[in-house]
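Novice: Pasting in a structure now, in structure tokens, and then I'll have a few things to ask.
Coordinate-derived values only; no laboratory data. These numbers were taken from a predicted model, which means no experiment stands behind them. Reconstructed Cβ throughout: ideal geometry from the backbone, glycine too, with neighbour counts over all protein chains shown.
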Amino acid sequence: MSLEIFAYSFMQRAFIAGNIIAIICPLIGVFLVLKRLSLIGHTLSHIALAGVALGMLLGIYPVYTALVISILAALGIESLRKRYNDYAELSLAIILAAGLGVATVLISLAGNTSGIFSYLFGSISLVTSRDIFLVIPLGILILGFVFFFYYAFFLLAFNEEEAKLVGVPIGFLNSSFMVLVSITVSVSMRIIGGLLVSSLITLPVATALQIAKSFKQVILYSLLFSLLAVNTGLLISFYYDLASGGVIIICNVIYLLAVIIYSWLKNYINANLSFNH
């Protein structure tokens, strides 16, 4: 493999967008996983497909409509979570069912379903300059918001009641965080695909949790594994003409399995050494 890959403008765009997405997905995912809300990413990724179908039907750039629809859905989830306080997962089931129903109808009305394939599974060849001009500012927005409210999000992730007692504006931050998740999902669809983006949000975090010893280490390892998976996946998908989203997720799974095996072997060796002594 040579550096000729970077001579192609579409690959330059794919790597720029891919690396930004590789940072924002696990960064959001860490807080989602610790709040035990991993399925929100899965729900919103399916809702975003309804936005894509709506954009195709109306002749609007699909990522724009996906952003609007998923943000509305995210706020709807947050509202329903408060209404079903003891059954919070019902909010996800309700929004997911509604989104899939609307997406199915809109896709059938749009007629031309070939274009939606790239949004389902990701495509490096279709990343445009418009995507870059959208991903970069939104990526900076997400990074800035998370770092500015880092300690507040940290408290919310572990104990929402304690966060409320110390004066954290939980209503504002929960709603804002849901909007950030929906933005992350929408801008990631070009590279990862709507059906797979939730995996990039959770798998690097799951890998990091196997070896991290602190909250900050979880974030750092999540970013590391995500960046490795995205860059490896983009290279493989280019040279073997494969769907980028699927390859990136497979790389994530391989890293997760490798870390699990490493952790098991390490514990096994340490246990035997302790026994022998």
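Novice: I need the trypsin sites (Lys or Arg not before Pro) found in segment 31-105, filtered to DSSP loop residues with at most 12 other beta carbons within 10 Å of theirs.
Specialist: The qualifying sites are 36.
Novice: Moving on to the next point. Any idea which of 115, 175, 71 is furthest toward the positive side of the dipole for segment 68-180, if Lys and Arg beta-carbons carry +1 and Asp and Glu beta-carbons -1?
Specialist: It is 115, whose Cα lies furthest towards the positive end.
Novice: Less than 13 Å Cβ to Cβ from residue 168, Lys/Arg counted +1 and Asp/Glu -1: what total charge do the surrounding residues give?
Specialist: On the way: positive: 164; negative: 160, 161, 162.
Computed value for this residue: -2.
Novice: Oh, and also: For the chain, modelled as a GNM with alpha-carbon contacts under 10 angstrom, which of 118, 186, 129 fluctuates the most?
Specialist: Greatest mean-square fluctuation among the candidates belongs to 129.
Novice: Oh, and also: Using the Cα centre of the chain as the reference point, and only Cβ charges (+1 on K/R, -1 on D/E), how large is the resulting charge dipole? Debye, rounded to the nearest 20.
Specialist: Numbers: 12 positive and 9 negative charges, 45 e Å.
Once rounded to the nearest 20, the dipole reads 220 debye.
Novice: Counting other Cβ atoms within 10 Å of each Cβ, which trypsin sites (Lys or Arg not before Pro) in segment 122-214 have at most 12 and sit in a DSSP loop?
Specialist: Numbers: sites: 130, 164, 190, 213; in loops: 190, 213.
Here the trypsin sites (Lys or Arg not before Pro) that fit, given the DSSP loop and packing criteria, are 213.
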